[in-house]
Amino acid sequence: MRSKTEHKEIAGDSYRELRVLVEVSKAPNLSQRRLAGRLGIALSLTNILLKGLARKGYIRIVRVTWRSWMYVLTPAGIARKVQLTFAYVDSFLDHYRQIRQIINDDLQMLALDSDARVAIYGRTDLGELAFLVLRDLGVSNLDVIDNKPSNDNFLGVQVINLDTVAVANYKKIIVAFPSDMDARCQDLLDVGASSNQIVPLLQNMDLAQTHTDELDRRAVDE
């Protein structure tokens, strides 16, 4: 398991370095302005990052015309990209394991039996984790509720609109949102749920936000 310092590095400067290496490997002819747009950073910072990678021997800057350049990954750059990719994946999976363990601990305390009917409020990544953990704990009567109308399935379960849910059917309703927890709990109270039914996940919101940030970074990469 990586230290907090290593996690911070992967999420900061090293993450930007990885993004540059990935983008350059996909499109060597990409202009600095377009590269800056893809990275979501200033053009001046992009220039600094490229020059820094060139100094380290990770990329080679080749002049194509008097006003255009090509950025080519060197063998060292390819190796560095692989190294940072593995480090990033390891960091992400470590956050995932931490969040899953917290959810497991929270839900085990409910002492739910296999016949208990449980709803998960939130078609979110945390909702997906809660669903999987509840299955592992032997709870099979699971529904998913969301506050936006949808005909979609969530992990093979039809999503129920919050406005039409019969909250009295559930022993517990797991609130699986990484933010605005008070507002989401109030949503359930407004449709008739009791405070004893409502179980908000991840009271350690700092760790939850870290997990959400990691998911956001993954989405940007994709």
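The values are calculated or read from the model by the stated rules, or taken from the named source; none is laboratory data. Everything numeric here is computed off the predicted structure, so don't read it as measured data. Note that each Cβ is placed from the backbone with ideal geometry, even for glycine, and that neighbours are counted across all protein chains shown.
The set of residues in the stretch 81-137 being among the charged types (D, E, K, R) and more than 23 Å from Asp187 (Cβ to Cβ) consists of Lys81, Asp90, Asp94, Arg97, Arg100, Asp105, Asp113, Asp115, Arg135, Asp136. Of all residues in the stretch 150-167, those that are part of a strand (DSSP E or B) have Cβ atoms under 8 Å from Cβ atoms of residues that are among the aromatic types (Phe, Trp, Tyr), 6 or more apart or on another chain, in Phe154/Phe131; Val157/Phe131.
Can you confirm whether Ile103 is under 30 Å from Ser14 (Cβ atoms) and either hydroxyl-bearing (Ser, Thr, Tyr) or within 24 Å of the chain's Cα centre (by Cα) (or both)? Quick ask: steps written out before the conclusion?
Working: under 30 Å from Ser14 (Cβ atoms): yes; either hydroxyl-bearing (Ser, Thr, Tyr) or within 24 Å of the chain's Cα centre (by Cα) (or both): yes.
The answer is yes for Ile103.
Of everything in the stretch 106-128 that's under 16 Å from the mean Cα position of the chain (by Cα) and among the charged types (D, E, K, R), which residue is nearest to Gln158 (Cα to Cα)? Result: Arg123.
Would you please name the residue that is modelled with the lowest pLDDT, looking only at residues in the stretch 1-28 that are among the polar types (S, T, N, Q) and within 20 Å of Pro75 (Cβ to Cβ)? Looking at the filtered set, the residue picked out is Ser14.
Looking only at the stretch 54-100, residues that are under 14 Å from Asn29 (Cβ atoms) and either of a type in the set (Phe, Trp, Tyr) or under 16 Å from the mean Cα position of the chain (by Cα) (or both) come to 2 in all. Of all residues in the stretch 60-80, exactly one satisfies the criterion of being closer than 15 Å to Ser14 by Cα and in contact with a strand residue (DSSP E or B) (Cβ under 8 Å, 6 or more places away or on another chain), namely Gly77. If you check Leu155, Leu189 for being on the phi > 0 side of the Ramachandran plot and among the aliphatic types (A, V, I, L, M), only one passes: Leu155.
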